[in-house]
1. Show me the helices (runs of 4 or more DSSP H) found entirely inside the range 25-137 where at least 1 residues are assigned by TED's automatic domain parsing to the domain that holds residue 170, touching a helix residue (DSSP H, G or I) at 6+ places or on another chain (Cβ under 7 Å) and within 21 Å of residue 166 (Cβ to Cβ).
2. Test residue 156 against the criterion of being within 24 Å of residue 263 (Cα to Cα), within 16 Å of the chain's Cα centre (by Cα), touching a residue at least 60 places away in the same chain (Cβ under 8 Å) and part of a loop (DSSP other than H, G, I, E, B), and give yes or no.
3. Considering only the range 16-50, state which residues are more than 23 Å from residue 101 (Cα to Cα) and either free of Cβ contacts under 8 Å to residues at least 12 places away in the same chain or loosely packed, with under 15 Cβ neighbours inside 10 Å (or both).
4. Could you identify the single residue in 291, 283 that is farther than 27 Å from residue 204 by Cα, crowded, with 18+ Cβ neighbours inside 10 Å and in the same structural domain as residue 242 (by TED's automatic domain parsing)?
5. Assuming residue 221 fulfils every condition listed in (1) modelled with pLDDT of 95 or more; (2) assigned to a loop (DSSP other than H, G, I, E, B); (3) not assigned by TED's automatic domain parsing to the domain that holds residue 136 apart from one, which condition is it?
6. Specify which of the listed residues (191, 186) is closer than 28 Å to residue 246 by Cα, in a helix (DSSP H, G or I) and under 16 Å from the mean Cα position of the chain (by Cα).
7. Residue check, residue 294 against (1) assigned to a helix (DSSP H, G or I); (2) modelled with pLDDT of 95 or more, all met but one. Which one?
8. Being over 18 Å from residue 188 (Cα atoms) and either within 21 Å of the chain's Cα centre (by Cα) or at pLDDT below 95 (or both) is true for just one of 249, 229, 263, 254. Which residue is that?
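The values are calculated or read from the model by the stated rules, or taken from the named source; none is laboratory data. Because the structure is predicted, anything quoted here is derived from the model rather than measured. Note that we place each Cβ from the backbone using ideal geometry, even for glycine, and neighbour counts take in every protein chain shown.
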């Protein structure tokens, strides 16, 4: 029997929190514990948790941080306090389908090599009205990428951009990987880091049905409701400075260091991490070059396949030539 922990972070979440907690209680397969880390709420979040805790037959642990940790560090703390065999992440404002926990646990049980499971999600507005899109479609996480991620060399797929595929609210991981997960390196979000480090060492299973109602509203830290124009503006802003590229290379150097001495499912994965690091350092160095030199370097990186494997393909190449 796999014990299931839910790691949830809260921050002034009173408005939507009870709906998400109620969806835990409505699960066909109940969690074995819920661990909630609060990052300094000034509203009635703790009261909502206490009222809910009195209505369920599984433990609900509430921890109030003495200082604000921020989004990623708070999730790191919540996960580190769990005691289950499988850890599910939860936002404070979503709603889970009743079969979510059971379906994702079954994916782990069917194959002991599985260390990471994702599901899709329906995007909804603040009142849970459907937006008419699913999360993977909105992110451009197409069928070919899904199939690649489930293969034995699936971790390479995440080197393109783990944030395109890995939303903490839709994932669960095997707690046996905690020694390689913690502590969280600087610069990584908890979900992108855990997805990448666990996929490097185990099989990934995708559940292609939406098991979350993923709420999109103005108060959330991260969401999937940004427009293509907004995403292009952000990409353009990042492309104008070498810092973004250097910082990305440093993050992946931390990944390479963490995997040192650990067996990877794909023996060539460390080589591909080095390829990612070299590619992003090359991209950063372009910012000090003239347009002609830039385009020559971009062409060389394209021919080596690095834009396809380690960036967003032709779109990234065009940005590097133009900005």
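1. Details: elements: 45-53, 71-80, 100-110.
Counting at least 1 such residues, we get 71-80.
2. Numbers: within 24 Å of residue 263 (Cα to Cα): yes; within 16 Å of the chain's Cα centre (by Cα): yes; touching a residue at least 60 places away in the same chain (Cβ under 8 Å): yes; part of a loop (DSSP other than H, G, I, E, B): no.
The answer is no for residue 156.
3. 42, 43, 47 - these are the residues of the range 16-50 that are more than 23 Å from residue 101 (Cα to Cα) and either free of Cβ contacts under 8 Å to residues at least 12 places away in the same chain or loosely packed, with under 15 Cβ neighbours inside 10 Å (or both).
4. Numbers: 291 fails: crowded, with 18+ Cβ neighbours inside 10 Å.
Answer to the check: 283.
5. The one condition residue 221 does not meet is (1).
6. On the way: 186 fails: in a helix (DSSP H, G or I).
The match here is 191.
7. Going through (1) assigned to a helix (DSSP H, G or I); (2) modelled with pLDDT of 95 or more one by one, residue 294 breaks only (2).
8. On the way: 249 fails: over 18 Å from residue 188 (Cα atoms); 263 fails: either within 21 Å of the chain's Cα centre (by Cα) or at pLDDT below 95 (or both); 254 fails: over 18 Å from residue 188 (Cα atoms).
Answer to the check: 229.
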